[in-house]
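J.: Submitted below is the structure of interest, expressed as structure tokens.
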Amino acid sequence: MSAAAAAGTWKLGDLEVNRIGYGAMRLTGNGMMGNSDGAPIDRDAAVGLLHSAFEQGVNHIDTASFYFSPLRSANELVNRALASWSGDVVVATKVGPARDASGEWLAMARPDRLRGQVEENLRQLGRDHLDVVNLRRNGPATASITEHFGALAELRQAGLIRHLGLSNVRPEHLLEALPIAPVVCVQNSYGLDWRRADENGLVDLCREQGIAFVPYFALAGLRREAAAGQEHDTRVHSVARAHHATPAQVRLAWTLHRGPHVLAIPGTTNPAHLAENIAAGSLRLTEEDVAVLAPPPGGP
């Protein structure tokens, strides 16, 4: 069994993936959402890192055309890595928001512009169809997604997309999308210190519907873009010491403990951290551990 398979598998439609995957955002630099605030990873090093992930059993990559910095594109790096890899890897990407050539964010794309975004991902990834496309909601929380999701459903019918998902949504958005086309995954901010998807019932709704729930920022603390280790969370560290694990591994194990439909897509450019993240799939928390990690009264 590969290291990434230790936590088990889940099916995104007809595509079976190991529950530990990889998020490609950080390959463009150290910044949030591709806005680099540090030196980008060397291209050959990035390809080597992705190959290392594949060798350890990672077969689910999360990316997007808007993950780019002045010198790097996540899609281009994923394309390079897959071109020299013979195994099967499921690639999930996102459409909806966009950035101009200078990196500035643009408004949410109109439904009739989504085809162009899908085709941009196809070109960058060097594929004739996309495995999974998540509609990344951006804008007022109460805005309908019917037209946007319907446009993607048409592209799915046309064969450009194999499966559809949602990102940054509320339970009502998922219920709005389901009558239009099957949803195989929901990707939202979620972690030990950011449990809104528990509070609004989205994690449980996904489980009831047989849909994968894919957290991003699972390793972060209350400052979601910041490294969790900066918070010195004594509860996390105590559990980590008991299991001879790292705090990051405890955070990943906690999300995976939430249900067999919960996947993980931690991203890193550090080979040692990559191996640690993947190894978290074999960490089994006890109910006592979970109780220790419960938020304090009045906490997040």
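J.: Between beta-carbons, use under 11 Å as the cut-off and find the net charge around A280, counting Lys and Arg +1, Asp and Glu -1. Could the numbers behind the result be given before it?
T.: Values: positive: R19, R251, R284; negative: E276.
So the environment of A280 carries a net charge of +2.
J.: Divide by every residue of the chain the summed helix terms, -39500 (n - 2.57) for each DSSP H run of at least 4, and state the resulting mean residue ellipticity at 222 nm, rounded to the nearest 500 deg cm²/dmol. Intermediate results must be reported in sequence, preceding the final value.
T.: Details: 11 runs with 102 residues, N = 300.
Taking each H run of at least 4 residues, the total per residue is -9500 deg cm²/dmol.
J.: Then there is this: Taking every DSSP beta bridge with both residues inside region 94-169, roughly what % is antiparallel (nearest 5)? Write out the running numbers ahead of the final one.
T.: Details: 2 of 10 bridges.
So the antiparallel bridges amount to about 20 percent of the total.
J.: Sticking with this structure for a sec: Step through the residues of region 240-245 one at a time and calculate ³J(HN,Hα) from phi using the Karplus curve (6.51 cos²θ - 1.76 cosθ + 1.60, θ = phi - 60°), rounding each to whole Hz and writing x for Gly and Pro.
T.: Coupling constants for region 240-245: 4, 4, 5, 9, 6, 10 Hz.
J.: Explain nothing, just compute: Karplus ³J(HN,Hα) = 6.51 cos²θ - 1.76 cosθ + 1.60, θ = phi - 60°, for every residue of region 266-272 in order, whole Hz, x for Gly and Pro.
T.: x, x, 6, 10, 9, x, 5
J.: In whole Hz and in residue order, list the ³J(HN,Hα) couplings for region 202-212 that follow from phi through the Karplus curve 6.51 cos²θ - 1.76 cosθ + 1.60, θ = phi - 60°; x for Gly and Pro.
T.: 5, 4, 5, 4, 4, 4, 4, 8, x, 10, 5
J.: Over the chain, calculate the relative contact order: mean separation of alpha carbon pairs under 8 Å at least 6 apart, over the residue count, as a percent. Before the final figure, lay out the partial values.
T.: Numbers: 586 pairs, mean separation 53.7, N = 300.
Normalised by residue count, the contact order of the chain is 18 percent.
J.: Sorted from fewest to most neighbouring beta carbons within 10 Å, what does the list H60, H261, H244, H237 look like? Working shown, then result.
T.: Numbers: H60 30, H261 21, H244 8, H237 14.
By the 10 Å Cβ count, ascending, the order reads H244, H237, H261, H60.
Each reported figure results from applying straightforward, stated rules to the coordinates on display, with no laboratory input. This one's a predicted model, so the numbers in the text were calculated from it and none came from an experiment. Heads up, the Cβs are rebuilt from the backbone with ideal geometry, glycines too, and the neighbour counts pull from every protein chain shown.
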